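All remarks here apply to the structure that follows.
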Amino acid sequence: MLDDTDRRILRQMQADPAMALPDLADLTGVSSARLARRIERLRDQNILRGPRAVINWRALGYTVEVSLRITLDKTQVRAFDEFIEAARDIREVIEIQTFLGRVDVRLSVIARDMAHYQAIYRDQLLALPHIADIEALMHVARIKSDEALPL
């Protein structure tokens, strides 16, 4: 599916997503026109989803991160759909994951401080539909956070 040239392109794009195309072409050893065609093909194949901004939310004053492990009341047919739809509307929820097993959903929630988190928890999170059980895990340190693939 990917050849060595594709892997070189993707490695460089992971390392520096804002790199100009002529510089990327030089580093990967292909012409700018060939690079543009390869990038377009990678996008068409949904391998390359495009650039995105990675925002340091701590620099914006959000110092608290909490993971919530949630078990839903699965006796309700639309429990997952209704819960996820409502959770998406909470601005401070930065990630939603679903699982098979005892825990159904994990939410990552950010807040400015503990008082802000408590308000979010009380006023918004506990109001989410179909919660059977909820466990909060306070983040202490992020040891590794890397979305780069070993190409």
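The values are calculated or read from the model by the stated rules, or taken from the named source; none is laboratory data. Given the structure is predicted, the values throughout are model-derived calculations rather than measurements. Cβ coordinates were reconstructed from backbone atoms using ideal geometry, including for glycine residues, and neighbour counts include every protein chain displayed.
Table for the structure above
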read-out	value
Pairs where the first residue, in region 96-117, is without any contact (Cβ under 8 Å) to a residue 60 or more places away in the chain and under 17 Å from Glu65 (Cβ atoms) and the second is part of a strand (DSSP E or B) and among the basic types (Lys, Arg), C-beta under 7 Å, 6+ apart	Gln97/Arg106; Arg106/Arg69
Qualifying residue in region 103-116 (condition: more than 22 Å from Met138 (Cβ to Cβ) and either surrounded by 13 or more Cβ atoms within 10 Å (Cβ to Cβ) or among the β-branched types (Val, Ile, Thr) (or both))	no
Candidates Arg69, Arg49, Arg37 - the one that is under 24 Å from the mean Cα position of the chain (by Cα) and at pLDDT 95 or above	Arg69
Every pair of residues 6+ apart whose Cβ atoms lie under 7 Å, when the first sits in region 68-85 and is outside any helix (DSSP H, G or I) while the second is of a type in the set (Val, Ile, Thr) and buried (at least 18 other Cβ atoms within 10 Å of the Cβ)	Leu68/Val109; Ile70/Val105; Ile70/Ile131; Leu72/Val105; Leu72/Ile131
Scope region 1-34; condition under 23 Å from the mean Cα position of the chain (by Cα) and either assigned to a helix (DSSP H, G or I) or hydroxyl-bearing (Ser, Thr, Tyr) (or both); matching residues	Arg7, Ile9, Leu10, Arg11, Gln12, Met13, Gln14, Ala15
Verdict on Glu95 being surrounded by fewer than 16 Cβ atoms within 10 Å (Cβ to Cβ) and part of a helix (DSSP H, G or I)	no
So Thr63, is it polar (S, T, N, Q), under 21 Å from Glu147 (Cα atoms) and either surrounded by fewer than 17 Cβ atoms within 10 Å (Cβ to Cβ) or touching a residue at least 40 places away in the same chain (Cβ under 8 Å) (or both)	no
When residues of region 27-80 are limited to those that are aliphatic (A, V, I, L, M) and touching a strand residue (DSSP E or B) at 6+ places or on another chain (Cβ under 9 Å), the one nearest to Ile134 (Cα to Cα)	Ile70
Selection count where residues are part of a helix (DSSP H, G or I) and under 20 Å from Asp73 (Cβ atoms), scope region 98-121	1
